[in-house]
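Remarks on the structure that follows.
All of the numbers you see were taken from the coordinates with simple rules; none came from a lab. Quantities reported herein were computed from a predicted structural model and do not represent experimental measurements. Positions of Cβ are backbone-derived with ideal geometry, glycine not excepted, and every protein chain shown enters the neighbour counts.
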Amino acid sequence: MPPDQETEAGIAAAIVGRIRSGDRSAEEEMVQRYSRGLLFHLRRMAGDPALSDDLHQETFRVVLERLRGEGIGEPERLAGFILRAGRNLFLGSYRKRERRGEGASLDDDAAVEASDPAPGQLSTILREEEIQKVRRLIGELGTGRDRQILFRFYVAEEEKERICSDLDLSTLHFNRVLFRARQRFKELLRGSG
């Protein structure tokens with residue numbers, strides 16, 4: 001396992017352990033750490049921001065109940081557990097609306113993604129290759145600030161306010177720097193074909 005994945009696995013396991021021991025600050029830390037990724041996936045699946053927000057809150061409620069009670073078998077895989085819980089809640093919501101005849105529609109991409117929450121071996125390998133390509137391209141960006149802002153915001157999923165503080169940027173300036181860094185990244189991505 002690469003060092004950054006080992007670190008993430010260790011952080012996840014520590015958060016789970018602290019939650020099991022009743023540490024409320026660990027619960028907040030978990031929500032802050034995994035909230036953005038979960039919401040992104042829920043919005044992709046549901047296509048409805050209001051439903052996604054409801055499922056987001058419900059997912060963390062369910063996950064916290066589980067962690068406070070019986071726990072999970074592999075605490076180092078907390079992120080995957082949270083995503084699977086969110087997908088399962090989405091599927092349950094979809095099926096419930098369908099039974100009621102509320103005309104819920106599930107597009108093909110969301111159906112494929114939601115139907116199998118555990119990635120297969122090929123999906124895992126392809127995802128790892130994509131991650132390595134993104135990291136390599138970020139590393140090839142010309143300026144350190146571009147590399148830092150893209151990595152911290154999108155890969156490490158740090159809070160915007162923290163990045164602004166560390167880099168001495170206003171919110172507006174952050175948005176401009178991020179936009180330009182994304183443009184440069186897209187140019188590199190197109191060139192790497």
From the Cα centre of the range 148-193 to that of the range 39-74, the distance in Å is 27
Going from the fewest other Cβ atoms within 10 Å to the most, one would list ILE138, ILE82 as ILE138, ILE82
Taking a crude spin-label model, label points 7 Å out from Cα along the C-beta direction, the LYS96 to PHE40 distance in nm is 2.7
Scoring only Lys, Arg, Asp and Glu (+1, +1, -1, -1) among other residues with Cβ under 11 Å from the Cβ of ARG24 yields -2
Heads up, the range 1-75 by the C-alpha gyration tensor (a ≥ b ≥ c square roots of eigenvalues; a/c under 1.5 rounded, else a/b over b/c prolate, else oblate) looks oblate
Relative contact order as a percentage, the range 119-193, C-alpha pairs under 8 Å and 6+ apart, gives 31
Karplus ³J(HN,Hα) for the range 155-164 (6.51 cos²θ - 1.76 cosθ + 1.60, θ = phi - 60°; Hz, whole; x = Gly/Pro) runs 8, 7, 6, 6, 5, 4, 4, 5, 5, 4
Lys and Arg at +1, Asp and Glu at -1: neighbours of GLY142 with Cβ under 15 Å from its Cβ sum to +4
Diffing the range 52-60: the Karplus 3J(HN,Hα) column from phi (6.51, -1.76, 1.60, θ = phi - 60°), in whole Hz with x for Gly and Pro, holds 4, 4, 5, 5, 4, 5, 5, 4, 5
The size of the Cβ-based charge dipole (Lys, Arg +1; Asp, Glu -1) of the range 148-193 about the Cα centre, to the nearest 20 debye, is 360
